[in-house]
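To start, the structure under review is shown below, and the notes come after it.
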Amino acid sequence: MNSAESASPVCAAPGDELFACAAPRMYAVDQYRKDFPILSESIHGHPLVYLDNAASTQKPRMAIEAMTRFMEHDYANIHRGVHELSVRATDKHEAARETVRRFINAERSDEIIFVRNGTEAINLVAASWGRKFLKQGDEIVLTILEHHSNIVPWQMLRDEIGVALRVVPMTADGDIRLEDVKAQLSPRTKLVAVTHVSNTLGTVLPVAEIAQLAHGVGAKVLFDGCQAVARMPVDVRALDADFYAFSGHKLYGPTGIGILYGKHDLLESMPPYQGGGGMIASVTFDETTYREPPYRFEAGTPAITEAVGLAAAIDYITTLGLNRIARHEDELMSYAVEQLRHVNSLKILGNPKHRAGALSFTMQNAHPHDIGTILDRHGVAIRAGHHCAQPLMEHLGVPATARASFGLYNSKADIDALVSAVKDVRRIFA
Ligand code: C6P
């Protein structure tokens, strides 16, 4: 059974759009949960309540089985062999690229570069595009909400080249306003690199409008889509993204694989990021010439099995429908905010207009790590820490937060378990 067959109770009608059901039916969360074997685990004697999806999502059986099947029947290295298995593996790897292209509605599959994760995707842009096209005095605009992966590569470039970083502040609610973005733009702005969804406050940024503003001053845009792609339809052409970066493991796929999307003309103008096998047209000891994108940026043996798994995961969630997943998660978020608001001594951080995925909170007298540890004893997995967003933590005046984050398989019963466990924390630290 392939992933489309097994996950198709809802959107199987011919003519269904990629992201929307022609005839939306009930969101069958209990049914989808069965597709994720790990969700039937018990933790400390409790059924697992997995609310750490912003860190990494669990894997549907269809993705696990696709990888096993590939390794048992089709596995070999790609591009280099004339033998049957190498041809099959190459075909599957390229088919996965096409699946990703369709998923984010890129125009061409050679705009899809396989990397290790979202972090590597951003580093690739900094090291290749940044080094070639930026010079001292140029400016890169970020926001206060960024993950370290979308801060540190630009700081490294600042230290190397002398570009300046400008930071868009947020409102007291944790929103990014377009006027505040505009205030940071100037003819010196060469890149606006912002997250699509904050991994800490869950803020959804107005990225299409940000792209318009950035392009208005002649700058390129890079969107960090790590927290967006699994929970809302993403159309890189509608967003007019120049670059879009994300990880496979937050998209119900395996670790070790991520994606950099780049507009074709931009990629064509960029030099390689790493040298090695697979990315060259010819090599002599005097000179090397490089292949066209995306291969120019894919030195060495890539994560072949993982590409197959990622494609299966994308097939799975596409069949469920990204719009339906988004609506389900929006409902869960509203329910969670409503329930947690009533817990004494608990403070939810931020109140953005549109919050997706992640909900951060603190509790009086209890350190977030204590909260996380006690919740774990109840079988509830959340994350506690700075979430690789230390500048945001500093701005919020906290060293860390507790963070619950949702996935397509979470239910209101999971939120009830969270609230009940959080009340136990309150009781212990009262
Ligand atoms: N956030 C979390 O929030 P990697 O590690 O490369 O797969 O993803 C990095 C990354 C980049 N941008 C955003 C917005 C992210 O949320 C993340 C990963 C995880 O728990 C780990 S800190």
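The values are calculated or read from the model by the stated rules, or taken from the named source; none is laboratory data. Since the model is a prediction, treat every value here as computed from it, not as a measurement. Positions of Cβ are generated from backbone atoms using ideal geometry, with glycine treated the same way; all protein chains shown enter the neighbour counts. Heavy atoms of the whole protein, side chains included, go into the accessibility calculation; ligands, DNA and RNA do not. Shrake-Rupley method; radii C 1.70, N 1.55, O 1.52, S 1.80 Å.
Could you pull out the residue among T319, T284, T301 that is more than 16 Å from the ligand (Cβ to nearest atom), open to solvent by less than 40 Å² (accessible area, probe 1.4 Å), farther than 23 Å from T195 by Cα and not aromatic (F, W, Y)?
T319
If you scan segment 414-424, which residues turn out to be buried (at least 18 other Cβ atoms within 10 Å of the Cβ) and either at pLDDT below 95 or over 19 Å from S334 (Cβ atoms) (or both)?
Result: A421, single match.
So which residues in segment 272-281 are out of contact with any strand residue (DSSP E or B) (no Cβ under 8 Å at 6 or more places or on another chain) and open to solvent by 50 Å² or more (accessible area, probe 1.4 Å)?
Of everything in segment 272-281, those that are out of contact with any strand residue (DSSP E or B) (no Cβ under 8 Å at 6 or more places or on another chain) and open to solvent by 50 Å² or more (accessible area, probe 1.4 Å) turn out to be Y273, Q274.
Name the single residue, out of those in segment 230-245 being open to solvent by less than 10 Å² (accessible area, probe 1.4 Å) and over 15 Å from P206 (Cα atoms), that is farthest from the ligand (Cβ to nearest atom).
D242
Does any residue in segment 169-181 that is open to solvent by 30 Å² or more (accessible area, probe 1.4 Å) come within less than 8 Å, Cβ to Cβ, of a residue that is of a type in the set (G, A, S) six or more places away or on a different chain, and which pairs are these?
Close Cβ pairs (under 8 Å, with a partner that is of a type in the set (G, A, S)) amount to D173/G350.
From K347, K263, which residue is touching a Phe, Trp or Tyr at 6+ places or on another chain (Cβ under 7 Å) and open to solvent by 10 Å² or more (accessible area, probe 1.4 Å)?
K347
Filter segment 190-209 down to the residues that are β-branched (V, I, T), out of contact with any Pro (no Cβ under 6 Å at 6 or more places or on another chain) and farther than 24 Å from G130 by Cα and list them by number.
T200, V204 - these are the residues of segment 190-209 that are β-branched (V, I, T), out of contact with any Pro (no Cβ under 6 Å at 6 or more places or on another chain) and farther than 24 Å from G130 by Cα.
Where in segment 42-127 are the helices (runs of 4 or more DSSP H), entirely inside, with at least 3 residues that are more than 16 Å from the ligand (Cβ to nearest atom), under 18 Å from the mean Cα position of the chain (by Cα) and modelled with pLDDT of 95 or more?
Correct list: 84-104.
Quick check, is L392 over 24 Å from I151 (Cβ atoms), of a type in the set (A, V, I, L, M, F, W, C) and buried (at least 19 other Cβ atoms within 10 Å of the Cβ)?
The answer is no for L392.
Pairs needed: first member in segment 356-367, among the polar types (S, T, N, Q); second member anywhere, open to solvent by 30 Å² or more (accessible area, probe 1.4 Å) and away from the ligand (no atom under 16 Å from the Cβ); C-beta distance under 7 Å; at least 6 residues apart or different chains.
Hits for this filter: T362/K347; Q364/S345; N365/F429.
Among (1) away from the ligand (no atom under 16 Å from the Cβ); (2) in contact with a helix residue (DSSP H, G or I) (Cβ under 9 Å, 6 or more places away or on another chain), which single condition is T255 missing?
Every condition holds for T255 apart from (1).
Filter segment 304-314 down to residues that are small (G, A, S) and open to solvent by 30 Å² or more (accessible area, probe 1.4 Å), then give me how many there are.
Total meeting the criteria: 0.
Suppose we keep only residues that are open to solvent by less than 10 Å² (accessible area, probe 1.4 Å) and of a type in the set (A, V, I, L, M) within segment 208-229. Which one would you say is nearest to the ligand (Cβ to nearest atom)?
A228
Looking at (1) surrounded by fewer than 24 Cβ atoms within 10 Å (Cβ to Cβ); (2) assigned by TED's automatic domain parsing to the domain that holds E179, which is the one condition that is false for H328?
Checking H328 against (1) surrounded by fewer than 24 Cβ atoms within 10 Å (Cβ to Cβ); (2) assigned by TED's automatic domain parsing to the domain that holds E179, the one that fails is (2).
How do the pairs read when you match residues in segment 387-413 that are at pLDDT 95 or above with residues anywhere that are basic (K, R) and within 15 Å of the ligand (Cβ to nearest atom), using Cβ under 7 Å and keeping only pairs 6 or more apart or on different chains?
Note: pairs meeting the criteria are H387/R403; R403/R383.
Among the residues of segment 332-340, is any assigned by TED's automatic domain parsing to the domain that holds L51, on the phi > 0 side of the Ramachandran plot and touching a Leu at 6+ places or on another chain (Cβ under 9 Å)?
So far as segment 332-340 goes, no, none of its residues is assigned by TED's automatic domain parsing to the domain that holds L51, on the phi > 0 side of the Ramachandran plot and touching a Leu at 6+ places or on another chain (Cβ under 9 Å).
Quick one: count up the residues across segment 146-184 that are within 15 Å of the ligand (Cβ to nearest atom) and at positive phi.
Number of matching residues: 1.
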